[in-house]
Amino acid sequence: MRADKWLWAARFWKTRSQAAGALKDGKVHRGDTKVDPSTPLHVGDTLIARTPGGRKVIEIKALSEVRGGADAGRLLYTDLTPPEPTEAPAAFRERGAGRPTKRDRRELDRLALKASR
């Protein structure tokens, strides 16, 4: 089955032409190779795609040339995307605590610097 049709049916892009354009731009890879719109896909293939929703690692479970609902689209693949690392919570001040003093601001800056490392 063609890659552009499957990506459209699995609801990674809204239109088949958007899926084909993403494939031409090199946003989908199978292993180390770029996938073209006419590349045949098979059950069990693992793809890495940069979609509008972010980077996805997917394994193909089923093939379909017909675009169905969101539930039907999710049945076509298994999402293997690793979870994104969580960031440390930003510095927190109680509501109504007033304007931060110079000392408070320096502490907030120090915490923000530690969180970014």
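Details
- Each label point was placed 7 Å from the Cα along the Cα-to-Cβ direction; for LEU111 and LEU63 their separation is 5.5 nm.
- Treating r as the C-beta distance of HIS29 and LEU75 and R0 as 22 Å, the FRET efficiency rounds to 0.45.
- The HN-Hα couplings worked out from phi for segment 32-45 by the Karplus form 6.51 cos²θ - 1.76 cosθ + 1.60 (θ = phi - 60°) are 9, 9, 6, 9, 8, x, 8, 5, x, 9, 10, 4, x, 5 Hz, whole numbers, x standing for Gly and Pro.
- Among the GluC sites (Glu not before Pro) within segment 1-89, those in coil by DSSP and having at most 10 neighbouring Cβ atoms inside 10 Å are GLU65, GLU87.
- Legend: P(r) of segment 22-62 from all alpha carbon pair distances, 10 Å bins from 0, whole percents, reading 31, 59, 10.
- Per residue, the chain reaches -8500 deg cm²/dmol at 222 nm when only DSSP H runs of four or more residues are counted, each adding -39500 (n - 2.57).
No lab work stands behind these numbers, since they all come straight from the coordinates. What you see is a predicted model; the values in this text were computed from it and never measured. Counting neighbours? That spans all protein chains shown, and the Cβs are built from the backbone with ideal geometry, glycine included.
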